[in-house]
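The block underneath contains the structure these notes are about, expressed in C-alpha cells.
The values are calculated or read from the model by the stated rules, or taken from the named source; none is laboratory data. Owing to the predicted nature of the structure, the values given are computational and were not obtained by experimental measurement. Note that each Cβ is placed from the backbone with ideal geometry, even for glycine, and that neighbours are counted across all protein chains shown.
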Amino acid sequence: MASNHVKYRIGKSTFFKGLTILLACACVVPLIFILIYILQAGITKINWHFLTNLPKPVGETGGGIANALLGSMIIILVASVIAIPFGILCGIYLSENKKSKLAYWSRLCVDILQGVPSIVIGIVAYFWLVKPMGGFSALSGSVALAIMMLPIIIRSTEETLKLLPDSLREAGFALGLPFHRVVLKVIVPCGISGILSGVMLSVARIAGETAPLLFTAFGNPYLSFNLLKPMQSLPLLIFNYATSPYNDWHDLAWGASCILLIWVLALNIFTKLMTRKWKVQL
Amino acid sequence: MESSVDTKLATRPNDNLGRVASLKPQGTVSTTKRIKRSFRQIRAEKVFRRTLIIVALAMVVLVLGIMVTLVIESTLSIKSSGIGYLWGKTWDPVRDIFGAYPFILGTLLTSFLALFISIPFSFAVAVFLGEYFPTGWFSNLLKNTVELIAAVPSVIYGFWALAVLVPIVRSFESKIGVEPVGLGIFSSALILAVMIIPYAASLGRSMIHMVPSNLKEAAYSLGATRWEVIRAVIFPYTKSGLFAGILLSLGRALGETMAVTMVIGNTSLIPKSIFAPGNTMASVIANEFTEADHPVYLSALIELGLVLFLVTVVINMIGKRMVSRFTNE
C-alpha cells in the first residue's frame, strides 16, 4: 500500500515536471513561427531598389520604403536627443537623493509613466503639440516617443548607480572634487554600461511603437526631412499597408516588417551581449 | 629626460609645489586663480544640483500634465453623458450617443481571456527557470528567447495574426459551427496571450529565485517530492509576487493597441460571443481619433483614454506595491 502511494507521488512529481518543461518550451513556438514566417515573407522583397525607392501608388509594382526608413531614423534620433539627457539626469537625482520627498514623488511618477498605454501618450502629444502647431508633425511624434523612453532610461540609470559602492563617491569628495564633478567624472563613468544598456533598450522599444505615432507623425507617402511636417515611419507604414486591401502594398509591408524585426531584435541582442561583456569586466 | 620632467612640474599651475612657494609673485597669481576657480566650481555645483531638482520636478509635472490634459479634454463628454457613459450600450457618433459599454466589455473579454490562456505558460516558464533549471545554457537560451517575445513590435504581431492566425481561427470556427469570421475577440485574445507571457514569467522567475533554500530543504527532508515542494512551499511563499506578475501582464493587455486593432474586427456592437468581432477601448481610439469630426465625439474618445489611463495606473500601482513589499520582507 505504502509503496504504491509513494510511487503515485513520484509519478505525479515527474508528470508535473514534464508538463512544466513542455509548457515552457511551447512558449517559444509562436515566436519561432513568427520569426520564420516574417523572414520568409519579407527577405525576398528586400533588395537595393526596395531600400532606396519611394512607395509606388496602387497598381504599379515595385517601389520601396526609403521614406519610412529615413523617417523612422529621424524620429528616433530626435526622440533620443530629447529623452537621453533628461532621463539620465533624472536617474542621477533619484540615486543621489534616495530619501527626499521629491524623489519619492518622482519615482512614483516614473512607475506610473511606465504603465501608461502608448495610445494615451499619443493623445496627450496630440493636444500638447499637434493642436497648438496646427498640424501633424514629426516633432510631436518624437516627443511622444521620448516620453515612452524616459521611464526605461531613468530606471536603468537609477538601478545601476545605486549598485555603486559609496566609497567611490566618498573618495571623490575626499579629493575635494565638487559634487557635479564627482557625479560626472566618477559615478557616471563607473555606471556607464548600465546606463547605455538602458538607453539601447529604450530605443529598441520605441523603434516598433505605432500607437503614439498615429495621431502625431501621421505618415506621409513622400520623402520628407521637415520636422514640422508629417513624416512616415516603419511601424506606421506596416500598419497602413497591412490593413489595406492591395497585394502590392502587403508585399511592401512584409519587407518593412522584416527590416523592422531584424532591427529591433539586433538592438536587443546587442544590448544583452554588451551588458554581459561589461559585467564580466566589472 | 629628467629636464623635461622638471619643466613639467614647474609649469603645472595647480601643483602642490606652487602652494609651498606662495611668497613668490607667480605664487600669488596662481592662488587668486585657484580661488577664482573654486568659486566657479561652487557655482557650477549649485547649478548642477538645481538642474537635477528641476529635472525631477519636471518628471512629476509631466505625469500630472498627462492626467490634467486628459481630464480637461474630456470634460465636454463627461458633462454631456455623465456617469452613464460607462454603461451606455450604444456608440453612435452620428446621433451623438456615446456609451462605452461595448468597448469596456471588449477590453475586459480580450484581456482576461488572454490572461487565462497565458498564465499556465508564463508560470511554467517561471518554475522552469526558477526551480527546475536555474542555470545552464538551455535555460539561458529559454530565458533570452522569452524576453525577446516582449521585444517584437506589436504591429508585427498584428500583421502576422492577420495573415496566419485569422485564417486558422476561421477554419476552427467553421468546424465548431460558429459564424466563420476569423477576425474577433478570440483571435485578439490569442495574439495578446503570446505577447504578455514574458511579463508574468520574468517576475515570477525572480520571485521563485528568492525563496530561501532552507525552507525547500526542510520540505525535502520531510520526504516531499519535487512537485510537493513547488506546490506547498514555493507557490505559497511567492503568492503575492506571482499575483503581481499577473497584474502587470493584465496592465499590458488592457493597454495594448496595435495588434488588437488589426485583428479584432472593429465594430461598435456589443459582442455576442467570444468569437464575435468587437472593439477595445484602445482600438476605438486608434481607429476613430483622426476621424472624429465634432468636439463631443473627440471628447468622448478622450474620455475612453482617461478611463484606460486610470485603470492601467491603478493596476500597475497595486502590482508594483506588491512586488516592493515582497522584496522588502
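Odds and ends about this structure:
- Test: residue in segment A:158-167 that is over 29 Å from A:Val78 (Cα atoms), outside any helix (DSSP H, G or I), at pLDDT below 90 and touching a Ser or Thr at 6+ places or on another chain (Cβ under 9 Å): yes
- Residues in segment A:210-221 that are facing chain B (nearest Cβ under 9 Å) and assigned to a loop (DSSP other than H, G, I, E, B) were compared, and the one that is modelled with the lowest pLDDT is A:Phe215.
- Some residue of segment B:227-242 being polar (S, T, N, Q) and within 30 Å of A:Asn240 (Cα to Cα): no
- Selection count where residues are assigned to a helix (DSSP H, G or I), more than 9 Å from chain B (Cβ to nearest Cβ) and without any contact (Cβ under 8 Å) to a residue 24 or more places away in the chain, scope segment A:175-209: 5
- If the condition is being closer than 18 Å to B:Val164 by Cα and in contact (Cβ under 8 Å) with a residue 60 or more places away in the chain, then segment A:7-46 contributes A:Leu35, A:Ile38, A:Leu39, A:Ala41, A:Gly42, A:Ile43.
- Hits in segment A:1-48 (condition: touching a Cys at 6+ places or on another chain (Cβ under 7 Å) and over 26 Å from A:Ala253 (Cα atoms)): none
- All positions within segment B:132-143 that are surrounded by 14 or more Cβ atoms within 10 Å (Cβ to Cβ), free of Cβ contacts under 8 Å to residues at least 24 places away in the same chain and more than 7 Å from chain A (Cβ to nearest Cβ): B:Phe133, B:Ser139
- Filter result for B:Ala224 (part of a helix (DSSP H, G or I) and either within 21 Å of B:Tyr132 (Cα to Cα) or assigned by TED's automatic domain parsing to the domain that holds B:Asn279 (or both)): no
- Residues that are assigned to a helix (DSSP H, G or I), surrounded by 22 or more Cβ atoms within 10 Å (Cβ to Cβ) and either facing another protein chain (nearest Cβ under 7 Å) or free of Cβ contacts under 8 Å to residues at least 24 places away in the same chain (or both), drawn from segment A:116-133: A:Ser118, A:Ile119, A:Val120, A:Ile123, A:Val124
- On the stretch given as segment A:146-170, residues that are in contact with a Leu (Cβ under 9 Å, 6 or more places away or on another chain), farther than 17 Å from A:Ile195 by Cβ and either of a type in the set (Val, Ile, Thr) or exposed (fewer than 14 other Cβ atoms within 10 Å of the Cβ) (or both) total 1.
- Within segment A:11-32, tally of residues that are more than 7 Å from every other protein chain (Cβ to nearest Cβ) and among the β-branched types (Val, Ile, Thr): 3
- Selection count, segment B:163-190, where residues are more than 13 Å from B:Gly265 (Cβ to Cβ) and of a type in the set (Val, Ile, Thr): 4
- For the residues B:Leu308, B:Leu304, the requirement of being more than 9 Å from chain A (Cβ to nearest Cβ) and at pLDDT 90 or above singles out B:Leu304.
- Every residue from segment A:222-278 that is closer than 21 Å to A:Ile74 by Cβ, in a helix (DSSP H, G or I), under 15 Å from the mean Cα position of the chain (by Cα) and more than 10 Å from chain B (Cβ to nearest Cβ): A:Ile262, A:Ala266
- Count - residues of segment A:52-111 that are assigned to a helix (DSSP H, G or I), at pLDDT below 90 and surrounded by fewer than 15 Cβ atoms within 10 Å (Cβ to Cβ): 1
- Residue identified as within 14 Å of chain A (Cβ to nearest Cβ), without any contact (Cβ under 8 Å) to a residue 60 or more places away in the chain and under 28 Å from the mean Cα position of the chain (by Cα) among B:Phe128, B:Phe121, B:Phe103, B:Phe48: B:Phe128
- Enumeration of residues in segment B:277-325 that are of a type in the set (D, E, K, R) and within 29 Å of B:Ser187 (Cβ to Cβ): B:Glu288, B:Glu291, B:Glu303
- A single member of B:Val164, B:Val155, B:Val146 is farther than 22 Å from A:Phe15 by Cα, facing chain A (nearest Cβ under 7 Å) and surrounded by fewer than 23 Cβ atoms within 10 Å (Cβ to Cβ), and it is B:Val164.
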